[in-house]
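Below is one structure, written out as C-alpha cells; comments come after it.
The values are calculated or read from the model by the stated rules, or taken from the named source; none is laboratory data. It should be emphasised that the depicted structure is a prediction, and the values quoted were computed from it without experimental measurement. Because the Cβ atoms are built from the backbone with ideal geometry, glycine has one as well, and the counts that use them run over all protein chains shown. Each accessible area value is taken on the protein alone, full model and side chains, heavy atoms only, with ligands, DNA and RNA left out. Shrake-Rupley method; radii C 1.70, N 1.55, O 1.52, S 1.80 Å.
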Amino acid sequence: MQLSPLRKEITALKIKLLQGTQNKFSSQRDKTGDLIINFSKNEKITLPLLTLRPYQQSIQNKLFLENYKRFFLVRPRRSGKEIESWNLLIQGALTQPGLYLMIYPTNVRARLVLWEGAVLLNDQHEGRSLRFLDMIPKRCIQHLNQQDMTIQLINGSVIRVLGSDIDPDKLRGVNVLGAVFSEYAFSDPRVLHILMPVFRQNKGWFILQTTFNGMNHAYRYWQSIKTNPAWIWRVDSVESLIDEVGNRYITDEMIDEDRKAGMPEFLIQQEYYSVITVQHERLYFSKEMLNLDQNKKIIPELIVPNVPVYAFYDLGVNDSTAIILAQFDHLNNPAIIHFIEANNHPIQYYVNAAHHFCTQHHLRLHSHFLPHDGKNRDKATAKSTQDILQELGEAAYCVAKPQRKIDAINLMRRMLYRTKFNKENTTRLIDCLSNYSKVFDEKNNIYKDHPLHDWTSHAIDAFQTLTLAIEHRMVYEPAAEIFYYT
C-alpha cells in the first residue's frame, strides 16, 4: 500500500481544518454601536476602521441596534456618503452571511468611485488616503474578483459592486440581504422595483442614498414614504451636518471653491443645500413634467372604453425595446394608458404583450408605429420588423427619421402639453421623461444641447415615435358618437 497519496490527503485536510478554525469568529456591538469581531482572546477587529461622524453613527445604530430596514438619506456633497454606506454594508455582510449589493448609476461609475477609489483622511492621518477596498480587513476576505467586482468574505457572505445600467431582469430571484443604492436619484429605479419583493420576503434591508436631482423618481419616492413609520429618512444640508461642538463639516469656504471653479448656482443649491430645483438647465422636459403634475394630467385608472389603441415603438438591438400604448380623442390628443419595456425578446413577444393588455380591458389594438429603422432588413432573414408585423396580420407603419434630434425633442416638449398619462401603468415612462438629460461638458463646465444615452433613452424614443406619427398625420381618430345621459 502506497502511503504518499494518503499523506497528501491528510495534509490537505489539516490545512483545511486549520483554515476553518482561523476563519471562525464571534461578534458583538460595543456601547457606541461599533462592531467588534473576535477571532481569539488576543485578536479582535473593531469596525468601521474609520470613525463615523455623529449623523453617520446614528444611522448605524438605527440599522443594527434598532433593526430598521428602510432608509432614505439625502446627503450633501462632501458629507462622506460613500464612507458611511460602504461601511454599513461591510458590517452587515460580516454580521449575517448572505449576498450584499452596492449599486451605482452605472458600472463604470461603480468601478471608478468605489472599486478603484479612495478617500483622503483627515489631518490626524497626515493627509494619507485609504482605498475603499481596504476598509474591509484583509483578515476577513476569502477571495476578491477584480473582473466582477465581487468580494467573498470568510463567513460566506458575498459583496458585489455593480451599476444599475445592467439588465435589471438579471437580478430577479437573487436573494439579497442588504443593499445600498448610491446616488439613487441618478439611477435606474427598476433595480429597486425588481429587488423589493426579495427584501420583503427575507426581511432584508436597503439604503437609498443620494442628493436630489429635481422632482424625479427619487423625490416622488421620498414623498411617498415620509409618513411611513417603517422608514428612517433624513434630508440634510451643509447647515444641518455639524460635529459634537456645533461646527459645520462643510464650510462656506469649501462651497466657494466650487463656485470659483464655475459650478452653476442651481447645482450648488442642489448638491450642498438639498434644494429641490426645477432643472431647466439639465433636464429636457423639466417644465413639461412640472406642468403635468400641476395640471393633474397623471390620472388614476385612465383608460377610455371602446376607443382603439395604437402602439408606438422604439426597437432595441441587443438592448431594451419600449412600447407606448395610447388612445386618442377627437383632437388627436394622446392618452397614454400603458408602457412596456423588456430586453432580448422577439417582436412577437411585444405584440402579444400589447394584445394581452388590450384584451384584459376589452379594447382593440388598431395598429403599430415603428421608428424609421423598422424598415431595416435583417441579413439572415431578409425581413424587416415591419415585414414581420405585417406577416402576423398587424397593421404596421414606419415614421420618418427626424433631421435633427433637437427638432424631435422640441416637438415632444409641445406634445407633452397635450398628453395625459395613466398613473398606474406608465410610472416607468414618467420616470424616463423626468430624467431625460443633456450631456455635461466637464471641460467647459456646461451642458451640451444633445441628450445623454442612458436608461431613459428607449422610452423617450418610443414617445418620439408617437409624436412624429401625430405630427405627420399618420394617426387619425374620428370623432366618437356622443351620448348624453340625464
- Of the numbered conditions (1) open to solvent by 40 Å² or more (accessible area, probe 1.4 Å); (2) outside any helix (DSSP H, G or I); (3) closer than 26 Å to L47 by Cβ; (4) modelled with pLDDT of 95 or more, D134 fails exactly one; give the number of that condition. (2)
- Flag for G173 being of a type in the set (G, A, S), surrounded by 12 or more Cβ atoms within 10 Å (Cβ to Cβ) and out of contact with any Ser or Thr (no Cβ under 6 Å at 6 or more places or on another chain): no
- Message: Can you find a residue that is touching a strand residue (DSSP E or B) at 6+ places or on another chain (Cβ under 7 Å), open to solvent by 10 Å² or more (accessible area, probe 1.4 Å), part of a helix (DSSP H, G or I) and of a type in the set (F, W, Y) anywhere in region 222-240?
- Response: yes
- If we ask which residues in region 454-486 are open to solvent by 50 Å² or more (accessible area, probe 1.4 Å) and at pLDDT 90 or above, their number turns out to be 4
- Evaluate region 193-200: report whether one residue or more is more than 30 Å from D293 (Cβ to Cβ) and without any contact (Cβ under 8 Å) to a residue 12 or more places away in the chain. no
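In region 149-184, which residues are of a type in the set (D, E) and under 14 Å from T106 (Cα atoms)?
Residues of region 149-184 of a type in the set (D, E): 165, 167, 169, 183.
If the condition is that a residue be of a type in the set (D, E) and under 14 Å from T106 (Cα atoms), then D165, D167, E183 are the ones that fit.
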- Message: For the structure I just gave you, tell me whether G246 is without any contact (Cβ under 8 Å) to a residue 60 or more places away in the chain, open to solvent by 20 Å² or more (accessible area, probe 1.4 Å), on the phi > 0 side of the Ramachandran plot and not charged (D, E, K, R).
- Response: yes
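Yes or no, residue by residue, for (1) among the small types (G, A, S); (2) under 17 Å from P334 (Cβ atoms); (3) touching a Ser or Thr at 6+ places or on another chain (Cβ under 6 Å):
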| position | (1), (2), (3) |
| --- | --- |
| D378 | no, no, no |
| T385 | no, no, no |
| I388 | no, no, no |
| Y397 | no, yes, no |
| K405 | no, no, no |
| L411 | no, yes, yes |
| L429 | no, yes, no |
- Item | Selection status of A382, surrounded by fewer than 21 Cβ atoms within 10 Å (Cβ to Cβ), under 30 Å from the mean Cα position of the chain (by Cα) and among the aliphatic types (A, V, I, L, M) | no
- Note on the structure: Selection from region 79-101 of residues under 19 Å from W233 (Cα atoms) and open to solvent by 10 Å² or more (accessible area, probe 1.4 Å) yields G80, K81, E82, I83
- Message: The conditions are (1) crowded, with 18+ Cβ neighbours inside 10 Å; (2) at pLDDT 90 or above, and G214 fails exactly one of them. Which is it?
- Response: (2)
- For region 1-47, name all the residues that are within 20 Å of C140 (Cβ to Cβ), modelled with pLDDT under 65 and open to solvent by 80 Å² or more (accessible area, probe 1.4 Å). I15, K16, L17, L18, Q19, T21, Q22
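Scan region 139-175 for residues that are outside any helix (DSSP H, G or I) and more than 30 Å from E43 (Cα to Cα) and report the count. Even if it seems obvious, please write down each step before you answer.
If we filter region 139-175 for residues that are outside any helix (DSSP H, G or I), which is where we start, we get 141-167, 172-175.
If we keep only those that are more than 30 Å from E43 (Cα to Cα) as well, we get 147-148, 162-167, 172-175.
Looking only at that region, the number is 12.
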- Message: If I filter region 352-393 down to residues being out of contact with any Leu (no Cβ under 8 Å at 6 or more places or on another chain) and charged (D, E, K, R), which single residue comes out as nearest to L468 (Cα to Cα)?
- Response: K375
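Do we find that N155 is in contact with a strand residue (DSSP E or B) (Cβ under 7 Å, 6 or more places away or on another chain) and touching a residue at least 60 places away in the same chain (Cβ under 8 Å) in this structure? Can you show your working first?
Numbers: in contact with a strand residue (DSSP E or B) (Cβ under 7 Å, 6 or more places away or on another chain): no; touching a residue at least 60 places away in the same chain (Cβ under 8 Å): yes.
It is false that N155 is in contact with a strand residue (DSSP E or B) (Cβ under 7 Å, 6 or more places away or on another chain) and touching a residue at least 60 places away in the same chain (Cβ under 8 Å).
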- Pick out the one residue from T51, T95, T46 that is over 17 Å from the mean Cα position of the chain (by Cα) and touching a residue at least 40 places away in the same chain (Cβ under 8 Å). T95
- Note on the structure: Selection from region 394-447 of residues touching a Gly at 6+ places or on another chain (Cβ under 8 Å), open to solvent by 30 Å² or more (accessible area, probe 1.4 Å) and under 13 Å from I460 (Cβ atoms) yields none
- Item | Within region 203-221, considering residues that are in contact (Cβ under 8 Å) with a residue 60 or more places away in the chain and in a helix (DSSP H, G or I), the one nearest to L283 (Cα to Cα) | H217
